[in-house]
Amino acid sequence: MQVNLRSSWELTNEHAASSYGQPVLVNRGSGEIFGPGDILTPYPSWGFMIAAEAVERMAKTKKLTYDEQIFVDRFVNFGK
């Protein structure tokens with residue numbers, strides 16, 4: 001599954017870095033891959049944050065299907 005969060009960010013379990021269906025965050029521009037606990041700067045104005053927080057923030061601005069929301073939640077809540 002893939003969920004397009006923003007033009008340059010997607011959540012997917014179809015990347016080689018994904019394991020056992022766990023989604024990873026992909027920066028389409030740079031090709032960088034992030035897990036839920038990784039620290040990144042999604043956009044300069046957002047500053048540094050944990051990837052799970054960035055995904056949660058990006059997802060709030062999208063109309064997600066039920067399945068997409070479950071997928072996002074799996075990333076955001078990983079390890080909780």
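Any read-out appearing in this document is the output of simple, stated calculations on the displayed coordinates, not a laboratory observation. It should be emphasised that the depicted structure is a prediction, and the values quoted were computed from it without experimental measurement. With ideal geometry, Cβ positions are generated from the backbone for all residues, glycine too; neighbour counts draw on all protein chains shown.
For the reader, a short list of remarks on this structure follows.
- Verdict on residue 25 being over 19 Å from residue 73 (Cβ atoms) and touching a Leu at 6+ places or on another chain (Cβ under 9 Å): no
- Scope the range 27-69; condition more than 20 Å from residue 1 (Cα to Cα), part of a loop (DSSP other than H, G, I, E, B), in contact with a helix residue (DSSP H, G or I) (Cβ under 8 Å, 6 or more places away or on another chain) and of a type outside the set (Asp, Glu); matching residues: 37, 42
- When residue 37 is tested against (1) touching a residue at least 24 places away in the same chain (Cβ under 8 Å); (2) within 9 Å of the chain's Cα centre (by Cα), just one condition goes unmet, and that condition is (2).
- Residues of the range 66-76 classified as surrounded by 10 or more Cβ atoms within 10 Å (Cβ to Cβ) and either free of Cβ contacts under 8 Å to residues at least 40 places away in the same chain or in contact with a Lys or Arg (Cβ under 7 Å, 6 or more places away or on another chain) (or both), total: 3
- Each residue in the range 27-65 was checked for being exposed (fewer than 11 other Cβ atoms within 10 Å of the Cβ) and not hydrophobic (A, V, I, L, M, F, W, C), and 11 pass.
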